[in-house]
Amino acid sequence: MTHLLLAQCVMCFRTAAAQQNARAHVLDVAILLLGVPPFLILAGYCVLLWKKDSVTRDPNSAPHTD
């Protein structure tokens, strides 16, 4: 469990350290769960830009290599 506590800010680390193991685990899961929406939004923007680039690419230009 100690390795999960290292991914937290100082305030969350001290709160989790003062709790029982079960409550600290719930706090760890909640922190990771709150990180999922920003990651999915970023991934969505990346996919959107990639698809837009493939649609608007000039067919006479040099081939696009990935």
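What follows is calculated from the coordinates using simple rules that are stated; it is not laboratory data. Quick caveat, the model's predicted, so the values are computed rather than measured.
Remarks
- 3J(HN,Hα) couplings calculated from phi for segment 18-27 with the Karplus curve 6.51 cos²θ - 1.76 cosθ + 1.60 (θ = phi - 60°) are, in sequence order, 7, 9, 6, 4, 5, 5, 5, 5, 4, 5 Hz; Gly and Pro show x.
- Calculated P(r) tail over 14 Å for segment 2-56, as whole % of Cα pairs: 62 percent
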